[in-house]
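Report on one structure; see the data block that follows.
The values are calculated or read from the model by the stated rules, or taken from the named source; none is laboratory data. Computed from a predicted structure; not experimentally measured. No Cβ is skipped: glycine too gets one built from the backbone with ideal geometry, and neighbour counts run over all protein chains shown.
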Amino acid sequence: MNEKNKILVEATPHFIPEQSAPEEDRYVFAYTIVITNAGDLPAKLLTRHWLITDANGKVQEVRGDGVVGEQPYIKPGESFRYTSGAVLATPVGTMQGSYTLRSDEGDDFNTSIPRFTLSIPRTLH
């Protein structure tokens with residue numbers, strides 16, 4: 001990856017018990033994402049692509065413009081933080097994906113979102 005377009009992505013998931021209904025196979029998770037521009041050029045986040053997989057192996061694919069209704073412009077050394085959510089039919093699952101960004105030089109590039117686990121408390125050891 002080019003150092004001028006270096007984007008770091010960190011995810012912190014949380015289970016939301018008050019919105020979940022385990023008896024109906026409904027498990028609601030929130031996740032906070034921090035996107036940090038560790039490169040040399042400002043970049044605008046254009047699109048997102050998620051693969052959300054539950055414990056049954058069912059995959060939901062999500063594509064769309066921006067994140068939480070925004071297409072943030074992130075300058076070198078700055079971060080953008082947002083929180084969103086996912087609903088699974090199982091108490092454990094994973095999410096991973098990528099963002100497409102455009103640098104100030106007009107280059108489009110992808111950065112991966114490392115896989116992270118969605119899990120209700122005390123499910124995984």
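Some points to look at:
- Cross-chain or 6+ apart pairs with Cβ under 6 Å, the range 80-107 first and within 27 Å of PRO17 (Cα to Cα), then among the charged types (D, E, K, R) and part of a strand (DSSP E or B): LEU88/ASP54; ALA89/ASP54; THR90/ASP54; GLY93/ASP54; THR94/ARG115; GLN96/ARG115
- Residues of the range 52-74 classified as surrounded by fewer than 16 Cβ atoms within 10 Å (Cβ to Cβ) and among the hydrophobic types (A, V, I, L, M, F, W, C), total: 3
- Scanning the range 67-82 for residues that are assigned to a strand (DSSP E or B) and polar (S, T, N, Q) gives a single hit, SER79.
- The set of residues from the range 28-66 being assigned to a strand (DSSP E or B), within 24 Å of ILE16 (Cα to Cα) and either touching a helix residue (DSSP H, G or I) at 6+ places or on another chain (Cβ under 9 Å) or among the hydrophobic types (A, V, I, L, M, F, W, C) (or both) comprises VAL28, PHE29, ALA30, ILE33, VAL34, ILE35, TRP50, LEU51, ILE52, VAL59, VAL62.
- One residue stands out in the range 1-27 among those that are surrounded by 13 or more Cβ atoms within 10 Å (Cβ to Cβ) and part of a helix (DSSP H, G or I): the one that is modelled with the highest pLDDT, namely GLN19.
- In the range 12-39, the qualifying residues are those that are in contact with a strand residue (DSSP E or B) (Cβ under 9 Å, 6 or more places away or on another chain) and among the acidic types (Asp, Glu), and the one that is farthest from SER98 (Cα to Cα) is GLU18.
- If you filter the range 84-120 down to residues that are buried (at least 18 other Cβ atoms within 10 Å of the Cβ) and among the polar types (S, T, N, Q), you find that the one that is nearest to VAL68 (Cα to Cα) is THR111.
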